[in-house]
1. If I ask for residues that are out of contact with any Lys or Arg (no Cβ under 8 Å at 6 or more places or on another chain) and either in a loop (DSSP other than H, G, I, E, B) or of a type in the set (Val, Ile, Thr) (or both), which ones from the stretch 63-83 would you list?
2. Out of 120, 151, 185, 180, report the one residue that is in a loop (DSSP other than H, G, I, E, B) and either closer than 27 Å to residue 43 by Cα or at pLDDT 95 or above (or both).
3. Are any residues in the stretch 101-131 within 18 Å of residue 149 (Cβ to Cβ) and buried (at least 20 other Cβ atoms within 10 Å of the Cβ), and if so, which ones?
4. Output the residues belonging to the stretch 85-113 that are polar (S, T, N, Q) and in a loop (DSSP other than H, G, I, E, B).
5. Restricting attention to the stretch 69-92, which residues are touching a Cys at 6+ places or on another chain (Cβ under 9 Å), buried (at least 17 other Cβ atoms within 10 Å of the Cβ) and hydrophobic (A, V, I, L, M, F, W, C)?
6. So which of 44, 48, 95 is crowded, with 19+ Cβ neighbours inside 10 Å, touching a residue at least 24 places away in the same chain (Cβ under 8 Å) and over 10 Å from the mean Cα position of the chain (by Cα)?
7. Which of the residues belonging to the stretch 103-112 are farther than 15 Å from residue 86 by Cβ and not polar (S, T, N, Q)?
8. Show the residue pairs that are 6+ apart or on different chains and have beta-carbon atoms under 7 Å apart, the first residue being within the stretch 149-167 and more than 12 Å from residue 135 (Cα to Cα), the second being surrounded by fewer than 16 Cβ atoms within 10 Å (Cβ to Cβ) and modelled with pLDDT of 95 or more.
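The values are calculated or read from the model by the stated rules, or taken from the named source; none is laboratory data. Every value quoted in this text rests on a predicted model; they were computed, and no experiment measured them. Here the Cβ positions follow ideal geometry from the backbone for every residue, glycine too, while neighbour counts run over all protein chains shown.
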Amino acid sequence: MTDFSIDRRRLVAGAALATLFAAAPAGAQDKPVTPWAWTDANGLVKDLPKDPNPTTDDVKKFPRCRYCGMVRAQFSHTRHLIHYEDDAVDATCSLHCAAIGLSLNMDKGPKAIWTGDAGADGEVKPLVLVDKAFYVVDPSKPGTMTRVSNAAYADKAKAEAAARAEPSAKAGAEVVGFDAALRKAYLVMADDTIMLRTRRGEMRKKAATPQ
(Lines give C-alpha, C1' and ligand atoms only; values in the text may rest on other atoms or scores of the structure.)
Protein backbone atom coordinates (compact mmCIF):
# COMPACT_ATOMS: atom_id res chain seq x y z
CA MET A 1 0.00 0.00 0.00
CA THR A 2 2.85 2.35 0.85
CA ASP A 3 4.78 1.54 -2.33
CA PHE A 4 1.64 2.08 -4.41
CA SER A 5 1.07 5.50 -2.80
CA ILE A 6 4.65 6.55 -3.51
CA ASP A 7 4.40 5.39 -7.12
CA ARG A 8 1.10 7.18 -7.51
CA ARG A 9 2.56 10.43 -6.21
CA ARG A 10 5.46 10.05 -8.63
CA LEU A 11 3.02 9.46 -11.47
CA VAL A 12 0.98 12.56 -10.59
CA ALA A 13 4.14 14.66 -10.25
CA GLY A 14 5.41 13.41 -13.59
CA ALA A 15 2.11 14.22 -15.27
CA ALA A 16 2.15 17.70 -13.78
CA LEU A 17 5.66 18.33 -15.08
CA ALA A 18 4.71 17.04 -18.52
CA THR A 19 1.70 19.39 -18.57
CA LEU A 20 3.86 22.31 -17.47
CA PHE A 21 6.42 21.80 -20.21
CA ALA A 22 3.73 21.14 -22.80
CA ALA A 23 2.07 24.45 -21.92
CA ALA A 24 5.32 26.42 -21.93
CA PRO A 25 5.72 28.78 -24.88
CA ALA A 26 8.16 27.94 -27.63
CA GLY A 27 11.69 28.86 -26.68
CA ALA A 28 10.96 28.89 -22.95
CA GLN A 29 13.49 26.12 -22.42
CA ASP A 30 16.17 27.80 -24.52
CA LYS A 31 19.37 29.06 -22.98
CA PRO A 32 18.54 32.07 -20.74
CA VAL A 33 19.56 35.53 -21.97
CA THR A 34 20.21 38.66 -19.97
CA PRO A 35 17.46 41.33 -19.90
CA TRP A 36 19.70 43.81 -21.75
CA ALA A 37 20.53 41.27 -24.48
CA TRP A 38 16.82 40.67 -24.99
CA THR A 39 16.00 44.39 -25.23
CA ASP A 40 18.95 44.94 -27.61
CA ALA A 41 17.44 42.35 -29.92
CA ASN A 42 13.72 42.95 -29.41
CA GLY A 43 13.09 46.27 -27.66
CA LEU A 44 12.58 49.77 -29.01
CA VAL A 45 16.31 50.37 -28.81
CA LYS A 46 16.92 48.26 -31.92
CA ASP A 47 15.06 50.77 -34.09
CA LEU A 48 17.18 53.79 -33.22
CA PRO A 49 18.91 55.24 -36.29
CA LYS A 50 22.72 55.41 -36.38
CA ASP A 51 24.56 58.62 -37.21
CA PRO A 52 28.12 59.58 -36.25
CA ASN A 53 27.32 63.30 -36.76
CA PRO A 54 23.73 63.72 -35.53
CA THR A 55 23.87 67.46 -34.87
CA THR A 56 24.39 68.30 -38.56
CA ASP A 57 20.96 69.32 -39.92
CA ASP A 58 19.33 67.42 -37.06
CA VAL A 59 15.81 68.76 -37.65
CA LYS A 60 15.99 67.61 -41.27
CA LYS A 61 17.44 64.19 -40.54
CA PHE A 62 15.20 63.65 -37.50
CA PRO A 63 12.10 65.75 -38.27
CA ARG A 64 9.70 64.13 -35.81
CA CYS A 65 9.91 63.32 -32.13
CA ARG A 66 10.26 59.58 -31.75
CA TYR A 67 7.76 59.37 -28.90
CA CYS A 68 5.03 61.93 -29.55
CA GLY A 69 5.35 62.69 -33.25
CA MET A 70 5.75 66.45 -32.81
CA VAL A 71 7.65 68.35 -35.52
CA ARG A 72 11.00 69.11 -33.90
CA ALA A 73 11.68 72.23 -35.96
CA GLN A 74 8.55 73.82 -34.49
CA PHE A 75 9.90 73.17 -31.00
CA SER A 76 13.57 73.75 -31.72
CA HIS A 77 13.95 75.76 -28.50
CA THR A 78 13.12 72.67 -26.39
CA ARG A 79 14.26 69.83 -28.67
CA HIS A 80 16.78 67.30 -27.41
CA LEU A 81 19.20 65.00 -29.18
CA ILE A 82 20.70 61.98 -27.42
CA HIS A 83 23.78 60.41 -29.03
CA TYR A 84 24.65 57.00 -27.65
CA GLU A 85 28.04 55.29 -27.57
CA ASP A 86 27.20 53.08 -30.56
CA ASP A 87 26.14 56.14 -32.63
CA ALA A 88 22.44 55.40 -32.09
CA VAL A 89 20.44 58.64 -32.05
CA ASP A 90 17.29 59.47 -30.10
CA ALA A 91 15.79 62.76 -31.29
CA THR A 92 12.95 64.30 -29.30
CA CYS A 93 10.91 67.50 -29.12
CA SER A 94 11.41 68.09 -25.43
CA LEU A 95 13.00 67.16 -22.13
CA HIS A 96 9.79 65.24 -21.34
CA CYS A 97 10.29 62.92 -24.30
CA ALA A 98 14.06 62.74 -23.77
CA ALA A 99 13.32 61.48 -20.25
CA ILE A 100 11.13 58.76 -21.75
CA GLY A 101 13.91 57.77 -24.14
CA LEU A 102 16.56 57.62 -21.44
CA SER A 103 14.28 55.34 -19.40
CA LEU A 104 13.54 53.00 -22.28
CA ASN A 105 17.14 52.79 -23.44
CA MET A 106 18.62 52.24 -20.00
CA ASP A 107 21.37 49.92 -21.24
CA LYS A 108 22.84 52.45 -23.67
CA GLY A 109 25.30 55.03 -22.39
CA PRO A 110 24.95 58.51 -23.91
CA LYS A 111 28.21 60.00 -25.10
CA ALA A 112 26.52 63.37 -25.62
CA ILE A 113 23.13 65.01 -25.11
CA TRP A 114 22.17 68.30 -26.74
CA THR A 115 19.26 70.68 -26.34
CA GLY A 116 18.04 73.74 -28.19
CA ASP A 117 19.24 77.11 -26.89
CA ALA A 118 16.03 78.96 -26.07
CA GLY A 119 17.92 82.25 -25.71
CA ALA A 120 19.47 82.22 -29.18
CA ASP A 121 18.25 84.09 -32.23
CA GLY A 122 16.95 82.37 -35.33
CA GLU A 123 13.92 80.33 -36.27
CA VAL A 124 15.71 77.05 -35.56
CA LYS A 125 17.68 77.36 -32.36
CA PRO A 126 21.26 76.04 -32.27
CA LEU A 127 22.08 73.05 -30.15
CA VAL A 128 24.09 73.23 -26.95
CA LEU A 129 25.45 70.38 -24.83
CA VAL A 130 23.21 69.90 -21.82
CA ASP A 131 26.24 69.90 -19.53
CA LYS A 132 26.79 73.51 -20.53
CA ALA A 133 23.13 74.55 -20.52
CA PHE A 134 21.13 76.33 -17.84
CA TYR A 135 17.54 75.10 -17.51
CA VAL A 136 14.80 77.44 -16.33
CA VAL A 137 12.17 75.32 -14.61
CA ASP A 138 9.14 77.59 -14.59
CA PRO A 139 5.80 76.49 -13.07
CA SER A 140 4.11 79.68 -14.29
CA LYS A 141 3.92 78.51 -17.89
CA PRO A 142 3.48 75.24 -19.79
CA GLY A 143 6.37 73.76 -21.73
CA THR A 144 6.61 71.33 -24.60
CA MET A 145 4.71 68.17 -23.58
CA THR A 146 4.60 69.32 -19.97
CA ARG A 147 2.72 71.63 -17.61
CA VAL A 148 5.99 73.01 -16.27
CA SER A 149 8.27 74.82 -18.71
CA ASN A 150 11.90 73.69 -18.69
CA ALA A 151 13.63 75.61 -21.49
CA ALA A 152 17.43 75.62 -21.58
CA TYR A 153 19.82 78.49 -22.25
CA ALA A 154 23.48 78.54 -23.23
CA ASP A 155 23.85 81.95 -21.58
CA LYS A 156 23.44 81.83 -17.80
CA ALA A 157 22.60 85.56 -17.62
CA LYS A 158 19.68 85.04 -20.02
CA ALA A 159 18.48 82.07 -18.00
CA GLU A 160 18.61 84.05 -14.77
CA ALA A 161 16.78 86.98 -16.39
CA ALA A 162 14.03 84.65 -17.59
CA ALA A 163 13.66 83.19 -14.10
CA ARG A 164 13.47 86.65 -12.51
CA ALA A 165 10.78 87.96 -14.87
CA GLU A 166 7.17 88.03 -13.72
CA PRO A 167 5.13 85.91 -13.35
CA SER A 168 7.98 83.38 -13.41
CA ALA A 169 9.67 84.73 -10.28
CA LYS A 170 6.40 84.77 -8.36
CA ALA A 171 5.78 81.13 -9.31
CA GLY A 172 9.19 80.09 -8.04
CA ALA A 173 11.06 79.62 -11.31
CA GLU A 174 14.62 78.46 -10.81
CA VAL A 175 17.79 77.93 -12.83
CA VAL A 176 19.17 74.40 -12.59
CA GLY A 177 21.52 72.05 -14.40
CA PHE A 178 20.50 69.19 -16.65
CA ASP A 179 20.47 66.47 -13.97
CA ALA A 180 18.17 68.50 -11.72
CA ALA A 181 15.91 69.42 -14.65
CA LEU A 182 15.70 65.76 -15.65
CA ARG A 183 14.74 64.72 -12.12
CA LYS A 184 12.02 67.37 -12.05
CA ALA A 185 10.75 66.16 -15.43
CA TYR A 186 10.36 62.66 -14.02
CA LEU A 187 8.58 64.00 -10.94
CA VAL A 188 5.85 65.64 -13.03
CA MET A 189 5.71 62.81 -15.59
CA ALA A 190 2.54 61.26 -14.13
CA ASP A 191 0.53 64.48 -14.26
CA ASP A 192 1.93 65.32 -17.69
CA THR A 193 1.00 61.88 -19.03
CA ILE A 194 -2.57 62.14 -17.75
CA MET A 195 -2.89 65.60 -19.29
CA LEU A 196 -1.41 64.53 -22.62
CA ARG A 197 -3.49 61.36 -22.91
CA THR A 198 -6.65 63.39 -22.31
CA ARG A 199 -5.65 66.09 -24.76
CA ARG A 200 -4.58 63.68 -27.48
CA GLY A 201 -7.74 61.65 -27.02
CA GLU A 202 -9.87 64.77 -27.50
CA MET A 203 -7.87 65.77 -30.57
CA ARG A 204 -8.21 62.32 -32.15
CA LYS A 205 -11.94 62.29 -31.45
CA LYS A 206 -12.36 65.75 -32.98
CA ALA A 207 -10.34 64.77 -36.05
CA ALA A 208 -12.52 61.69 -36.57
CA THR A 209 -15.77 63.66 -36.32
CA PRO A 210 -17.19 64.75 -39.72
CA GLN A 211 -17.33 68.53 -40.05
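1. The answer is 66, 67, 68, 69, 78, 82.
2. 120
3. Selection gives 115, 116, 117, 118, 119, 125, 128, 130.
4. Result: 94, 105.
5. Once the filter is applied, which keeps residues that are touching a Cys at 6+ places or on another chain (Cβ under 9 Å), buried (at least 17 other Cβ atoms within 10 Å of the Cβ) and hydrophobic (A, V, I, L, M, F, W, C), the stretch 69-92 yields 70, 75, 91.
6. On inspection, the qualifying residue turns out to be 48.
7. Listed by number, the list holds a single entry, 104.
8. 167/140
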